[in-house]
1. Report, for the range 266-381, the % of DSSP beta bridges that are antiparallel, rounded to 5.
2. Run the quick spin-label model on residue 372 and residue 396: label points 7 Å from Cα toward the beta carbon, then report their separation in nm to one decimal.
3. Calculate, in nm to one decimal, what residue 159 and residue 257 gain on full extension: separation in residues at 0.36 nm each, minus their alpha carbon distance.
4. Ranked from highest to lowest mean number of other Cβ atoms within 10 Å per residue, what is the order of the peptides 330-343, 490-503?
5. Would you calculate, for the chain, the mean residue ellipticity at 222 nm contributed by helices, counting each DSSP H stretch of 4 or more residues as -39,500 (n - 2.57) and dividing by all residues, to the nearest 500?
6. Let a ≥ b ≥ c be the square roots of the eigenvalues of the Cα gyration tensor of the range 432-534; is it rounded (a/c under 1.5), or, if not, prolate (a/b larger than b/c) or oblate?
7. Please report, in debye to the nearest 20, how large the charge dipole of the range 350-445 is about its Cα centre when each Lys and Arg carries +1 at its beta carbon and each Asp and Glu carries -1 there.
8. At what distance in nm do the modelled label points of residue 361 and residue 321 sit from each other, each positioned 7 Å from its Cα along Cα→Cβ?
Amino acid sequence: MSSTNLRAILAADTDLGAGNVITRLLAHGADPNGPGLTFDVDVDGHPAWQPLTLGQLDERVAARAAWLHQHGIGWRDVIAVYASTSADVLLTFLACNRIGAIPALLNGNLSGEIATEYIRRLRATAVLVDAPHAERLEGRDFGSRILGDITTMGSGDPAQAPEPYRHHKDDPISITHSSGTTGLPKAIVHSHTTLFEATRRIRLSGPRAQGTERVLCALPSAHTAGILSINQALCNRAELVFLSSQRGEYVLDAIERFKPTGVFGFAVTWADMARHDLTKRDMDSVAIWFNTGDCAHEAHIRPLVNVGSHKTVTREGVTTVSGSMFIDGIGSTEMGHSAFHITHRKDTERYGRCIGRPHVFADVAVLDDQGEPLPAGVVGHLGLKSPTVMLGCWNDSVTTFRTRQRGYYLTGDLVFYDEDGYYYHVDRAVDSVVLDSGHWLHTSYTEEKILATCPDVLDCTVVAVREAGTVVTDVLLLLRADADASADRTPQITAALGEHAAPTLRRITAVHDDDIPTGATGKVRKLVLRERALTGAA
């Protein structure tokens, strides 16, 4: 069967969803010797970097499902997964879904203290850990039991696995968490449908996107974006390597080894890669970079689109041209899939935190504080209606309903749109500050402008707080290795702040990586920086 015919069959399969992709693929005649998944670590006796075929992947998932079944786990049991490698996280996710259990995936970078409280609030049936994470939980009361060592689950007998659970469209198939940059991460529930509708509507119903034939995934495996990536690759019958680290140098080494046509990641990875001279690395195979989560800065996109190559249609036919494509948007755990999309190339100029236009499945609105729609050019709250939006927050109906207004899910982002229908992200609502003049200081938008005008700055963070009734702003700069730390960048930074916010500038400080607190996914914890700023420590 051709991949085109199979994709059409999958798109029409109403039983197919995020919880049963492997079993439905095989039921529709997908070649068991075709592509499954590849990991960058040894797992269940299978060597790192050696592909698992679809049939081998099915067998490995069945082995772990049998292990869970043997240990008394079944339908609707909540299993917290706290481990180091993408292989253990994703194989266990697939195995839990095979038996109808609900995997609650924790980012392995969470501290033991935060993980303990998060698991306790989950009221999980049991917890699966590897040795390093068992040590983090040792002696702590997380309100559950450790079921076993996740690295031993592959010892189960695949032949003893129960029949695959048949999912209803509304069945919960994952609990993943938010980044936790403003406090304890929120536990987000997604269903068989919410984590598959975007794949069905835009990945299976049209031509296979250029650059998705051979994918390197640098997304966190415990994130909804990781789940989306494996299901999209499997349905598209693409080769996919899933990494266990999002560090820039690690990803660059993996690109040179695997020669992918597409690389998936978060903005933090692109920022980390921008520290390196990409022209000295072998990036020729890459046609697309796909970003989700926070939208990326222009300064971090430009170096990427200048390397690699992609195909384009000219009068002479299909031609390969130098330079790759960067597909940006904005997404979150709660949104389930990026709601917007825009493609940057070497010759495109629509930046300024433009997140593009909405996907066909997304009904978006820019709303004021009362939930009323705002006109073009006016900043407001991003509201989203989409079949991809989360079911809610696990064991937290207060947060679930607080994020709803007039039928829209409020993402917590501040955006505006222009007369051409393009949307722009200016900040997270919690990070913006109203000035005494009544105007606003949007920190993310200001960071974009600083990076655009200060080429010797790798990254920056703007922190604004109200101190003794007055707004003060600190700008933290991460400089390039060859930058002059003593140079006066005040003119560029005051220009980026603008006439209304410039008078609030208190200090400009060159910092190191260790000076910037980050969450589990690498996002800057501006809440912590604001607390420091109030004490004068920033």
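We did not get these values from a lab; they are worked out from the coordinates using the rules stated. Note that the structure is a prediction, hence the values are computed from the model and not measured. Backbone-built Cβ (ideal geometry, glycine too); neighbour counts: all protein chains shown.
1. 75 percent
2. Label at residue 372, label at residue 396, 3.2 nm between them.
3. Between residue 159 and residue 257, full extension yields 31.7 nm more.
4. Numbers: 330-343: 24.4, 490-503: 16.1.
For the peptides 330-343, 490-503, the packing ranking is 330-343, 490-503.
5. So the calculated ellipticity at 222 nm is -8000 deg cm²/dmol.
6. oblate
7. Using Cβ point charges on Lys, Arg, Asp and Glu, the range 350-445 gives about 340 debye.
8. Calculated label separation equals 3.0 nm.
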